[in-house]
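Read-outs throughout are calculated quantities, based only on the coordinates presented, and are distinct from any laboratory measurement. From a predicted model like this one, the values you see are computed outputs, not experimental measurements. As a convention, Cβ positions derive from the backbone with ideal geometry for all residues, glycine included, and neighbour counts pool all protein chains shown.
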């Protein structure tokens, strides 16, 4: 079984070699800028590690992993726009709309989303694509609720805005491995996604920390961690690499 | 064989009954606003008429037709944004960003695109989805070239910005009908899309009319019409309804 770091390195190679749609022409530069931002590739690694743990060939999950990363990048590019979160920086670099302009950022986001679906269509079954479109719709719905500020609590928002794509990362890995008994895996995904967001909020001091205070957020994090580990124990497979992913998240705070 | 008007009515019924992703929640209102704008449904009708002419069941092409209309609507919603074409009106009503705000327009466009791919995934083969993603990437690339104003001639731009989705409309109809000999159909699609844009420019007095003058544009239109009809004659099938679609376009000017 590959380590998380081996999955990550294999994924970077795959992403670099990926032929994006020739149709987008010169927009390619902005799309590459969005993808080369040095993200931690948490969703792709989760997808690849799930596929392998579930008995599949992780290399066969590389296109799904790339599709997940492209959807994630699309959402960052559009969310950073002035009309949405209006963020000028992303991972220590100018946000795409600052570097290339707003029009390019809108179109590059559209191109990333389109290319993601193109990757999902490389599979001969529709389940990867369906997993991806439903998660993406959920994310967009969550971002809309967040922008509208209509009083959903932060955990409910997070389930849409970040949770859906984490669940899809595990889901795509399972489809590639043709695994049917998905319930405990999906419970793991939900808790792992929750833990990810909690850790992120603890590091940035925002989100849940602002809403509930640091101590309550730390407690939520412990609960999410325990539930993620409990879900892994209910899975009839070697989930040691997935457990390592939980360790890595916890080690960030 | 159904008439164009019968295809259009059947399509409107299908679109009204369509279950969009429940995941997008309250964004549904903006998405419906974009779809209910009273468009002529030219692309869906072209898709349905092609599917039937090619020997397929036009009802089986309804999801593909809806996917095409959603992609078209997505492109209008994003193109109207202030950072792109900055249009305040669309089909005699306020543009979506004027009616609902810019954030909602960006997200509604994203949701339309995502829902379109979801519809394409209802088919058990990937060809409809692939046709759609490639055409969409081409459209986005064309819009980028147009916004950047980098000197492509108007006909080359039109081949991307409008032509690609017209070709996909015919292409999806052919895939649904499982038709293999696609070359003359696709030549018809290219010329029909060209004719559509020329007629549009003649009616609005912009685009090609601004670039080349009215007389030259009328000549281009005649050429596109002749080539579209010639392509239909090379097709071994009853293409009378497709010929009627050409008549309808020509009758607009």
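Over the Cα atoms of the protein assembly as shown, what radius of gyration and what Dmax do you get, in Å?
23.6, 75
Between copies, how close do the residue A:153 label points come, placed 7 Å along Cα→Cβ, listed in nm from shortest?
Copy-to-copy label distances at residue A:153, shortest first: 6.4 nm.
Can you list the equivalent-ellipsoid semi-axes of chain B, largest first and in whole Å, using the square root of 5 times each Cα gyration tensor eigenvalue?
With the √(5λ) rule applied to chain B, the semi-axes are 26, 24, 16 Å.
Could you give the distance between the Cα centres of the range A:87-118 and the range B:12-40, to the whole Å?
Centre-to-centre distance over Cα atoms comes out at 26 Å.
Mean-square fluctuation check for chain A, GNM, Cα pairs under 10 Å: which of A:169, A:73, A:21 is largest?
A:21
Suppose we take every Cα in the range B:43-103 and form the convex hull; what volume per residue is that in Å³?
Numbers: hull volume 5.4 nm³, N = 61.
Dividing the Cα hull volume of the range B:43-103 by its residues yields 89 Å³.
Hey, what's the per residue convex hull volume over the C-alpha atoms of the range A:75-188, in cubic angstrom?
So the per-residue Cα hull volume is 116 Å³.
Pick from A:118, A:39, A:148 the residue whose mean-square fluctuation is largest in a GNM of chain A, springs joining Cα atoms under 10 Å.
Of A:118, A:39, A:148, the Gaussian network model singles out A:148 as fluctuating most.
Pick from A:166, A:100, A:117: which is most flexible by mean-square fluctuation in a GNM of chain A where alpha carbon atoms under 10 Å apart are linked?
Highest fluctuation among the options: A:100.
Could you work out [θ]222 nm for the protein assembly as shown from helices alone, using -39500 (n - 2.57) per DSSP H run of at least four and dividing by all its residues? Round to the nearest 500 deg cm²/dmol.
Rounded to the nearest 500, the figure is -22000 deg cm²/dmol.
Along Cα-to-Cβ, 7 Å out, sits the label point; list in nm, shortest first, how far the one on residue B:86 is from those in the other copies.
1.9
How far is residue B:181 from the same spot in each other copy, in nm, shortest first, if each label point sits 7 Å from Cα toward Cβ?
5.4
Whose Cβ in chain A comes nearest the axis that rotates A onto B, and by how many Å?
Spelled out, residue of A and its Cβ distance from the axis onto B: A:117, 2.
Which of the three applies to the range B:123-253, rounded, prolate or oblate, going by the alpha-carbon gyration tensor with a ≥ b ≥ c and a/c under 1.5 meaning rounded?
Oblate, because a/c is 1.5 or more while a/b does not exceed b/c.
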